[in-house]
Amino acid sequence: MEILFLGETWIFGLLWIFVYYTTHIHNQMNVGTKGWTGQDEGGIKRFQFRLSPLILEITLFIILSFGITEIHYTEYFI
């Protein structure tokens with residue numbers, strides 16, 4: 001039961017890190033281009049996590065699996 005919750009949380013974390021890392025790399029490339037050539041290639045963009053259908057599905061699955069895990073282990077909590 002808990003492997004569902006932990007596994008999906010891990011996948012969500014990987015997706016978040018990938019989106020954050022690509023924004024960071026693009027910002028570094030734009031700053032390097034502006035510093036060396038003076039051309040404005042697009043500027044610095046702020047990291048903003050967008051809600052795509054995949055992220056929405058993973059978030060709902062995390063909530064659902066947490067609820068199932070909580071119901072399954074309720075006898076140990078009481």
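The values are calculated or read from the model by the stated rules, or taken from the named source; none is laboratory data. Not measured: the values here are computed from a predicted model. Note that we place each Cβ from the backbone using ideal geometry, even for glycine, and neighbour counts take in every protein chain shown. For accessibility, only protein heavy atoms count, side chains too; no ligands or nucleic acids. Shrake-Rupley method; radii C 1.70, N 1.55, O 1.52, S 1.80 Å.
General remarks:
- Relative to the longest principal axis of the Cα atoms of the chain, helix 2-37 runs at roughly 10 degrees.
- When W16, W10, W36 are compared by accessible surface with a 1.4 Å probe, the order from highest to lowest is W36, W10, W16.
- Note on log10 I(q)/I(0) by the Debye sum over Cα atoms at q = 0.12, 0.23 Å⁻¹: of the candidates (i) -0.57, -1.06; (ii) -0.52, -0.99; (iii) -0.32, -1.14, the value calculated from this structure sits at (ii).
- Degrees between helix 53-72 axis and first principal axis of the chain (Cα, 0 to 90, nearest 10): 30
- Pair F49, Y20: separation of 7 Å Cα→Cβ label points (nm): 0.8
- In this view, the solvent-accessible surface of E2, computed with a 1.4 Å probe and all protein chains in place, comes to about 80 Å².
- Only helices enter the 222 nm calculation for the chain: every DSSP H run of n ≥ 4 contributes -39,500 (n - 2.57), and dividing by all residues gives -26500 deg cm²/dmol, rounded to 500.
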